[in-house]
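Single-structure report; data block below.
The values are calculated or read from the model by the stated rules, or taken from the named source; none is laboratory data. Since the structure is predicted, the reported quantities are computational estimates derived from the model, not experimental observations. No Cβ is skipped: glycine too gets one built from the backbone with ideal geometry, and neighbour counts run over all protein chains shown. Ligands, DNA and RNA are stripped out before the accessible areas are found, and what is left, the full protein with its side chains, is counted by its heavy atoms. Shrake-Rupley method; radii C 1.70, N 1.55, O 1.52, S 1.80 Å.
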Amino acid sequence: HQFGQASELLAEQFLQAKGYRILARNLRTALGELDLVAEDRGVLVFVEVKARTTEAFGGAMLAVNRRKQAKLVRLASQYLAQHHLADRSCRFDVVLVQGHPSSHGHVEHLQNAFDADA
């Protein structure tokens, strides 16, 4: 649990350094959890953070499968509806932290990692 939290904090700091404004963290609903909700140059960004201690399971492209993508799309739709943001431009990013975050693990960021249609 601490490893995941530390990885999410490292991902958040990484995104803030890129100019993202963090709007929400660890939003839990009956459907699941959104790791981060951010804004990047006027675009609402739903960010999934994955942490890996090794490279054994592949990079960020393999970290979020179709099933997880569909779940994130449902969570994002719920967020947009609750906040009356249906007309807002948005996208899905994935941040993969490899190694231990306390030693500033390697951060891989995929902007627009998948489409809501997928």
Filter pass, S89 being modelled with pLDDT under 90 and either open to solvent by less than 30 Å² (accessible area, probe 1.4 Å) or among the small types (G, A, S) (or both)
no
Please work out which residue is farthest from S77 (Cα to Cα), limiting yourself to segment 28-48 and to residues that are in contact with a strand residue (DSSP E or B) (Cβ under 9 Å, 6 or more places away or on another chain) and not aliphatic (A, V, I, L, M).
D40
Among the residues of segment 1-51, how many are open to solvent by less than 90 Å² (accessible area, probe 1.4 Å) and at positive phi?
4
Which residue pairs have Cβ atoms closer than 7 Å, lie 6 or more positions apart in sequence or on different chains, and pair a first residue in segment 33-47 that is more than 13 Å from R88 (Cα to Cα) with a second residue that is part of a strand (DSSP E or B) and polar (S, T, N, Q)?
E33/N26; D35/N26
For segment 1-23, which residues satisfy the criterion of being in a strand (DSSP E or B) and either out of contact with any helix residue (DSSP H, G or I) (no Cβ under 8 Å at 6 or more places or on another chain) or touching a residue at least 24 places away in the same chain (Cβ under 8 Å) (or both)?
R21, L23
